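The values are calculated or read from the model by the stated rules, or taken from the named source; none is laboratory data. Please read these numbers as outputs of a predicted model, since none were measured by experiment. Cβ placement follows ideal geometry from the backbone for every residue including glycine, while neighbour counts extend to all protein chains displayed. Keep in mind that these areas ignore ligands, DNA and RNA; they rest on the heavy atoms of the full protein, side chains included. Shrake-Rupley method; radii C 1.70, N 1.55, O 1.52, S 1.80 Å.
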Amino acid sequence: MARICVFCGSSSGTDPKYIESAEELGRKLVEQGYGLVYGGASIGTMGAVADAVLSAGGEVVGVIPQSIADMEVAHTGLSKLEVVADMHQRKARMMQLSDGFISMPGGLGTLEELFEVLTWAQLGLHKKPSALLNLDGYYDSLLEFLDNARDQGFAKQAHIDTLAVSPTVEAILPALMAAPKAQVAKV
Ligand code: AMP
């Protein structure tokens with residue numbers, strides 16, 4: 001089965017729309033025949049997307065280090081929970097198990113995961129697509145920053161373009177599938 005990795009918050013955000021959009025994405029994944037790979041937590045928008053996939057009868061694989069399992073309250077009802085040694089293995093395994101990546105609104109951990117999959121793509125280490133859910137402009141300032149990095153000569157537009165951006169959950173899977181591959185060498 002094709003699986004999509006979702007990066008999102010271990011927090012719920014201040015507005016209910018964040019949990020609601022995580023639930024909507026979970027339902028969409030199942031509707032379109034995708035399994036979910038994520039960080040294995042039961043809290044925040046991470047827990048919400050996993051619960052929505054499970055409620056809709058879909059498959060969820062969580063990947064979590066033992067040291068984080070208590071802090072993020074590892075989800076006990078997943079199709080499969082893989083307990084790994086550390087954060088590096090967590091990301092490597094999530095990447096291995098997935099056919100594409102969606103980043104939802106989230107915090108520092110979400111940003112770290114988003115940029116790792118993008119930077120690995122620009123180095124040619126994988127060819128899997130990435131998409132960003134820019135819900136109500138949540139990531140506008142990040143996208144402006146990327147334009148600045150390009151203008152200052154530190155990032156190539158072709159690499160920035162590998163991140164498909166969608167303002168809605170409705171449009172994000174088509175955007176992910178249409179995301180351009182990194183064709184240009186980093187250096
Ligand atoms: P946050 O967006 O900060 O709520 O974090 C979302 C998820 O990213 C949580 O499962 C964090 O454990 C995870 N995370 C935080 N830092 C990192 C990191 N350096 N590498 C990989 N995952 C991380």
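Could you grab me the full set of residues in the stretch 26-73 that are open to solvent by 40 Å² or more (accessible area, probe 1.4 Å), closer than 26 Å to PRO174 by Cα and not in a helix (DSSP H, G or I)?
The first filter runs over the stretch 26-73 and keeps only residues open to solvent by 40 Å² or more (accessible area, probe 1.4 Å), leaving 27, 31-34, 42-43, 51, 54-57, 59, 66-67, 70-71, 73.
Imposing the further condition that a residue be closer than 26 Å to PRO174 by Cα reduces the set to 27, 31-34, 51, 54-57, 59.
GLN32, GLY33, TYR34, ALA56, GLY57, GLU59 - these are the residues of the stretch 26-73 that are open to solvent by 40 Å² or more (accessible area, probe 1.4 Å), closer than 26 Å to PRO174 by Cα and not in a helix (DSSP H, G or I).
Restricting the search to the stretch 34-87, which residues are of a type in the set (Ser, Thr, Tyr) and more than 18 Å from the chain's Cα centre (by Cα)?
SER55, SER67, THR76, SER79
Cβ-Cβ below 6 Å, separation at least six or inter-chain, first residue in the stretch 1-13 and free of Cβ contacts under 8 Å to residues at least 40 places away in the same chain, second more than 10 Å from the ligand (Cβ to nearest atom): which pairs?
Correct list of pairs: SER12/ILE19.
Name the residues in the stretch 74-117 that are crowded, with 21+ Cβ neighbours inside 10 Å and in a helix (DSSP H, G or I), would you?
Those that are crowded, with 21+ Cβ neighbours inside 10 Å and in a helix (DSSP H, G or I): ARG90, MET94, THR110, GLU113, LEU114, VAL117.
Pick out the one residue from ALA149, ALA182 that is out of contact with any Ser or Thr (no Cβ under 9 Å at 6 or more places or on another chain) and either surrounded by 12 or more Cβ atoms within 10 Å (Cβ to Cβ) or touching a residue at least 12 places away in the same chain (Cβ under 8 Å) (or both). Lay out the reasoning, then the answer.
Values: ALA182 fails: out of contact with any Ser or Thr (no Cβ under 9 Å at 6 or more places or on another chain).
Of ALA149, ALA182, the one residue that is out of contact with any Ser or Thr (no Cβ under 9 Å at 6 or more places or on another chain) and either surrounded by 12 or more Cβ atoms within 10 Å (Cβ to Cβ) or touching a residue at least 12 places away in the same chain (Cβ under 8 Å) (or both) is ALA149.
If you scan the stretch 30-45, which residues turn out to be among the hydrophobic types (A, V, I, L, M, F, W, C) and either in contact with a Gly (Cβ under 6 Å, 6 or more places away or on another chain) or farther than 15 Å from LEU133 by Cβ (or both)?
Step one: filter the stretch 30-45 for residues among the hydrophobic types (A, V, I, L, M, F, W, C), giving 30, 36-37, 41, 43.
Listed by number, the residues that qualify are VAL30, VAL37, ALA41, ILE43.
Take the residues of the stretch 39-75 that are of a type in the set (Ser, Thr, Tyr) and either more than 9 Å from the ligand (Cβ to nearest atom) or touching a Lys or Arg at 6+ places or on another chain (Cβ under 9 Å) (or both): which is nearest to CYS8 (Cα to Cα)?
SER42
Does the stretch 127-158 hold any residues that are part of a strand (DSSP E or B) and among the hydroxyl-bearing types (Ser, Thr, Tyr), and which are they?
SER130, the sole residue that qualifies.
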